[in-house]
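Everything on this sheet refers to the single structure shown next.
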Amino acid sequence: MSTEKDSGALDPQLLAVLACPLCDSRPPLNQQGSILVCTQCGARFPIRNGIPALRPGDALTDDATPDDSTDHE
């Protein structure tokens, strides 16, 4: 049995309030699998264990995947 949490899909209400931390205008983010993508600058942020990692330093580089990223804590 698959649930929304199992599939990696964020709750639509949560996704609706998330915004890019790198852009001054705080544009919305679109979910693409386990990554959130800024609709304005294209920055990509991982979703780790169902939690969006939205600190500016969490942005993925072009050659990184969510599996390549590490926690910075």
Calculated P(r) of segment 4-58 - Cα pairs past 13 Å, %: 53
Positive-end extreme of charge dipole, segment 4-58 - chosen from GLY42, LEU10, PRO28 (charges on Cβ): GLY42
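Just so you know, all these numbers are worked out from the coordinates, no wet-lab data involved. Here the structure is a predicted model, which is why all the values come from computation and not from measurement. When we count neighbours, we look across all protein chains shown, and the Cβ atoms used for this are built from the backbone with ideal geometry, even at glycine.
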